[in-house]
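Working notes, beginning with the structure itself.
The values are calculated or read from the model by the stated rules, or taken from the named source; none is laboratory data. Just so it is clear, the model here is predicted, and its values are computed rather than measured. Here the Cβ is made from the backbone with ideal geometry for all residues, glycine too, and neighbour counts use every protein chain on show. These accessible areas exclude ligands, DNA and RNA; they are computed on the full protein's heavy atoms, side chains included. Shrake-Rupley method; radii C 1.70, N 1.55, O 1.52, S 1.80 Å.
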There are 2 protein chains.
Amino acid sequence: MTVARQVSMADVARRAGVSMATASRALNNAAGVAEATRTRVFRAAEELSYVVSPEASSLARGATQRVAVVVPHISRWFFAGLLEGLEAVLRDAGLDLLLYHVGDMEDRREFFDRLPARRKVDAVVVLAFPVDEEEQRRFQLMGVDIVAAGGQHATYPYVCIDDEMAGRQAMGHLVHLGHERIAMIAAVDPDQPVSLQQGRSSAYYSSLHDAGLAVDDDLVVTVNWGGPEGALAMDRLLGLRRPPTAVYAHSDEVALGAMRSLRRAGLSVPGDVSVVGIDDHPVAELVDLTTVRQPVEQQGEIAGEMVVGLLRGEVVQRSVTVPTQLVVRSTTAPPRRAGPRA
Amino acid sequence: MTVARQVSMADVARRAGVSMATASRALNNAAGVAEATRTRVFRAAEELSYVVSPEASSLARGATQRVAVVVPHISRWFFAGLLEGLEAVLRDAGLDLLLYHVGDMEDRREFFDRLPARRKVDAVVVLAFPVDEEEQRRFQLMGVDIVAAGGQHATYPYVCIDDEMAGRQAMGHLVHLGHERIAMIAAVDPDQPVSLQQGRSSAYYSSLHDAGLAVDDDLVVTVNWGGPEGALAMDRLLGLRRPPTAVYAHSDEVALGAMRSLRRAGLSVPGDVSVVGIDDHPVAELVDLTTVRQPVEQQGEIAGEMVVGLLRGEVVQRSVTVPTQLVVRSTTAPPRRAGPRA
DNA sequence: GCTCTTGATGGAAGCGTTTCCGAAGATGTT
DNA sequence: AACATCTTCGGAAACGCTTCCATCAAGAGC
C-alpha cells in the first residue's frame, strides 16, 4: 500500500503562484482574495487533488469541526433513529460525528475522565441521559457546547417529546374505549441514574384521576426496559385475581413482550385485553400495535440544528418539544362485558 | 461559559522541571526516561489536569487515532448491532469512531469526494457494501487501512456470516418438516449497487434441488428490504392459484411483514403456512418467529479487532466467518395434509 | 498631479506535539 | 586512570495550516 507524499498547501500555493497566506484564504473562501486568484488556487488544488489536513487546520484554528454524540444504547431503535437524524444534519453542516457509547456508570466515568480530552470536539450532544453537576463542570471546563435530546434537561438546550402528553394520549384512548381496569407496565433503564421519562408514569395516574377511576397498585408493574421484561410483567399481571382488561406499556418493545405473554396464555388481543404502547417502533406497524407515535429522526435533526446553531454562535431555542400522535391499530378495543376469562 | 486557558505540555514540563522533549516521552511511556522523572512528570500533569491536544499530537505524529465507519443504514437493527460491537472494541483500544451514513449513490460519491480527506482517520471500516475499483484507488491513495463487515469482500479483510449456509439452515428446516411448496421472499437494498447476500437466494435453489423439489418461479418474489415490502410480497404469494405452505424470508423484518399479511388474510401461522426468517432480530423472540440467528455484535467486535490489528501493523486474517444457528420457535410446523385453504 | 482609501497579497509568528540528534553524566572495562 | 558504552535529557526542527500585520498598487477625491 504505497502512499504518495501528501501534497501540502505549500504545493498548491507554489503551483498557483501565490503565497500560502493567499492560498489559505482562497481555499477557505475568506474575503479579500481577487476572484481570478481564487480560481487559480482552486484549480491548482484540484489538479493536485489537494485536501487540507484537518489536524493542522484544527490546530491552527482552534476548532475541530467535530461533535461527539453520547448514547446509552446504540442499537436500540430510538437511539439509532436519533443518531440517523443527527448525522444527516451534522454532515450537511460539514461536521464530523464522533460516536461514544456510554452504557453504565463505569463507562460514564471513563468517558468524562478520558474523552472530553481537550479539543477533541467542539460540541457534544447527549442522548437521553442526565448530566450531574460534576459532569457539567467538566463540560464547562472543556468549553464545549452541549445539547441534549430525548429527554429534557435543566441546563442545556434540548429537544424531546412531551412524555406526559404521550402517555395521556395512550391512556385517554383506553379510557375512551371504556376500560376501567387498566394496567401500566413501566420501563426503566437500570444503567441510568434516573428515569428521564417520568411523564409516562405520571400520565397514568393523572389520566386515571381525570376519568374518575381508582388506582390499584397491583396494576402497575415496573421492569427494566425490554421485550422479555415486558413479558414478565404481563405474566405478573395475569396472575392477579382480577387481571386488567387493558395494558398501557411505556414502550412498544415492552408492549410486544406483553403481547407474547398474552398469546402464550391463550388470551386474545384485543379480544381479551387491549394493549397500547408508545413510540411507533417500525415493528408496531407490522404487528398492528396501537401506539403513540413520536418522531424520532426529527428529534435527531432538531438536535443537530441546535448544535450547528450553537457552533455558529447563534442563540438557539432553549428547548423544543415535538408533538406525538395516537395511532390506532388493532390491539385495542372496548372491553368485554365480562372481562377476560380469569 | 468561561474557559480556562488550556494548559499545554510546556506548562507540565516547566512544573516538573524538565524539557518538553522529556515530558513528551514520559507522558507517552516512551523508553529512555528515568523512572523518577516519569513519575514527576505524571504528577505535574495530574496536578494541572493536563491532557494532550489530539490535534497537535496527530499533526506531529501523523496518525489520528480515529477510524471511520461507513454504514448504509444507521437505524436498521443489523447495522446498529454491528456498530455497537465495533464501538466497544475500538473504544477499548483508545480509538475514536467517526460515523458516516452513506445511504444512496449520491452520498457515496460525496463521501469519497469529501470525506476521506487526508488524515481524518487511520482506517475505515465499511459495513455491508461493496467498494468499486475507483473507490479502492481512492482508499489506497489516502493510505488508510480498510476492513469490511457484514459482507465478503475481495480486496479487504472482512468478517461475515455464510449466507448460503444460513439460508440452507432455514430451508433445510422447512424441507425437513415436509413442505414442498416453499416460497422465498428475497430482499434487496435499492440503494446498493449489488446485493451482498446472494447466498441467501442461492441457498433456496440449492436446497430445493437437494431435496428433489421443483422450483416454481411464481414462488419467488423479490422486494426491497423492509417489513411493509415483505407484506406486499406475501400478498402476491397469497394471490397465487396454489399458494405456498411455507415461506422463507431473507430477513426477520421481511418475515414479520409476511406474517402481517397472513394474519390479515385470516390465515394462521404456522397452521396454514409456516414462516422462517434470518437474523434473529430481537423482536423475533417476541413474536416467536423461527429464524436463523446470526451474531451481530460479535461481527462488529471482530471487525474492530481486525482494525486494531491492522493499525498495530500486525497481519490479520483475511476473513472470518461467524457461524449461524437455526432457532426453532413457533412459526413453523409440518404442512397441513391439504395445504392452506385457498 | 497628489494624497487617501481600499483591496489584494506576502511574511512570519504561532498552534501543541513528537522526534532526531547531540551533550552529558554515570557506569563499566582494561 | 583512560576510554568505550549506556542511559537520560535538552535543543530545535518539523507537522500543515491560519491569521495578524505590513506592504503595495490602483483607483477615488480634491
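Segment A:85-99: which residues show an accessible-area loss of 40 Å² or more, assembly versus chain alone, 1.4 Å probe?
Buried-area filter returns A:GLU87, A:ARG91, A:ASP96, A:LEU97, A:LEU98, A:LEU99.
Indicate the residues belonging to segment A:253-272 that lose 40 Å² or more of solvent-accessible heavy-atom surface (probe 1.4 Å) upon moving from the chain alone to the assembly of all protein chains, ignoring ligands and nucleic acids.
So the qualifying set is A:LEU256, A:ARG260, A:ARG263.
Residues of B:138-146, mean number of Cβ from any other protein chain within 10 Å of their own Cβ, rounded to a whole number?
3
For helix A:105-114, what angle does its Cα long axis make with the longest principal axis of chain A, in degrees from 0 to 90 and rounded to 10?
Long axis of A:105-114 versus the principal axis of chain A: about 10 degrees.
Under a crude label model (7 Å from the Cα following the beta-carbon direction), how far is B:THR321 from A:ALA34 in nanometres?
For B:THR321 paired with A:ALA34, the spin-label model returns 6.5 nm.
In whole Å, how far is the Cα centre of segment A:34-107 from that of segment B:264-342?
Each part reduced to its Cα centre gives a spacing of 34 Å.
Mind checking the per residue accessible area of segment B:100-143 for me, 1.4 Å probe, whole number of Å²?
About 44 Å² of surface per residue is accessible.
Report the FRET efficiency, 1/(1 + (r/R0)^6), for A:ALA211 and B:ALA56, where r is their Cβ-Cβ distance and R0 is 60 Å, rounded to 0.05.
After rounding to 0.05, the efficiency reads 0.45.
Most mobile of A:GLN298, A:GLN317, A:GLN152 per a Gaussian network model of chain A (Cα springs, under 10 Å)?
Largest GNM mean-square fluctuation: A:GLN317.
For chains B and A, what's the summed buried accessible area, probe 1.4 Å, to the nearest 100 square angstrom?
Interface area, both chains combined: 5500 Å², rounded to the nearest 100.
Of the DSSP beta bridges with both residues in chain B, give the percent that are antiparallel, rounding to the nearest 5.
The answer is about 10 percent antiparallel.
Roughly how much of B:MET165 is accessible, in Å² to the nearest 10, using a 1.4 Å probe?
Number for this one is 90 Å².
Over segment A:163-295, give the accessible area per residue in Å² for a 1.4 Å probe, as an integer.
36 Å²
Around B:VAL308, with a cut-off of 9 angstrom between Cβ atoms, what is the net charge of the other residues, counting Lys and Arg +1 and Asp and Glu -1?
That sum, taken over residues with Cβ under 9 Å, equals -2.
Quantify, in whole percent, the carbon and sulfur part of the accessible surface of segment A:163-295 (1.4 Å probe; protein heavy atoms only).
51 percent
Per the 1.4 Å probe, what fraction of the accessible area of segment A:9-52, in percent, lies on carbon and sulfur atoms?
54 percent
How much solvent-accessible surface does A:THR37 expose, in Å² to the nearest 10, with a 1.4 Å probe and all protein chains in place?
20 Å²
Between A:ALA211, A:ALA284, A:ALA186, where does the largest GNM mean-square fluctuation fall for chain A, given springs only between Cα atoms within less than 10 Å?
A:ALA211
Any chance you could look up the accessible area of B:LEU232 with a 1.4 Å probe, heavy atoms only, rounded to 10 Å²?
110 Å²
Which shape class, rounded, prolate or oblate, goes with segment A:163-295 when its Cα gyration tensor gives a ≥ b ≥ c as root eigenvalues, a/c under 1.5 marks rounded, and past that a/b bigger than b/c marks prolate?
Rounded, since a/c falls under 1.5.
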